[in-house]
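Scroll down for the structure; my scribbles are underneath it.
The values are calculated or read from the model by the stated rules, or taken from the named source; none is laboratory data. Please read these numbers as outputs of a predicted model, since none were measured by experiment. When we count neighbours, we look across all protein chains shown, and the Cβ atoms used for this are built from the backbone with ideal geometry, even at glycine.
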Amino acid sequence: MAPKPAKKTYDEPCRALGETRTDAELDALVRGIIDRVADRWTMLTLEVLADHGRLRFGRLAELIGDVSQKMLTKTLRQMEADGLVTRTVYPVVPPRVEYELTPIGLGLGAAFCNVWLWAEKHRAEIEAARVAYAERNSAA
């Protein structure tokens, strides 16, 4: 019986660069963070808060655009639980709540900035690959 292939892990890009990751707890943390932040609303919330600083819920929703109140509330709660945003409630009527990135949130934003830089650098190649793919598969 042939040996079962090893399960791929998130540290493979690091190994491809010659680095090794052997900390199982760190691997689990990275997987959890990727699961949380690699979604549309978290990325957009991170970007808007990085660009505009402290914002009230309504203004944040307006700047993100096309996000439901329920989804933004869920996203902000997850981000707060992970230490990415702080939520400040002011004891006034009507209630005033503001959200702001923490230093950890700002650091994550900076890390994801590299994705934008990579996309900018490879834009033409990606677009060409998409066109070629569409042409190959439109005849099928």
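Quick rundown of the values:
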read-out	value
Residues of segment 101-140 satisfying the condition of being of a type outside the set (Asp, Glu), more than 22 Å from residue 43 (Cβ to Cβ) and assigned to a helix (DSSP H, G or I)	124, 128, 129, 131, 132, 133, 134, 136, 137, 138
Set 75, 88: member being under 12 Å from the mean Cα position of the chain (by Cα) and over 12 Å from residue 50 (Cβ atoms)	75
Scan of segment 68-100 for residues that are more than 19 Å from residue 32 (Cα to Cα), charged (D, E, K, R) and not in a strand (DSSP E or B), ordered by number	70
Qualifying residue in segment 80-90 (condition: at pLDDT 90 or above, surrounded by 14 or more Cβ atoms within 10 Å (Cβ to Cβ), hydrophobic (A, V, I, L, M, F, W, C) and touching a Phe, Trp or Tyr at 6+ places or on another chain (Cβ under 9 Å))	yes
Leading residue by the ranking (surrounded by the fewest Cβ atoms within 10 Å (Cβ to Cβ)) among those in segment 20-49 that are without any contact (Cβ under 8 Å) to a residue 12 or more places away in the chain, in a helix (DSSP H, G or I) and of a type outside the set (A, V, I, L, M)	25
Conditions (1) under 17 Å from the mean Cα position of the chain (by Cα); (2) closer than 23 Å to residue 116 by Cβ: number failed by residue 29	(2)
Search result, residues across segment 38-61 that are at pLDDT below 85 and under 24 Å from residue 89 (Cα atoms)	none
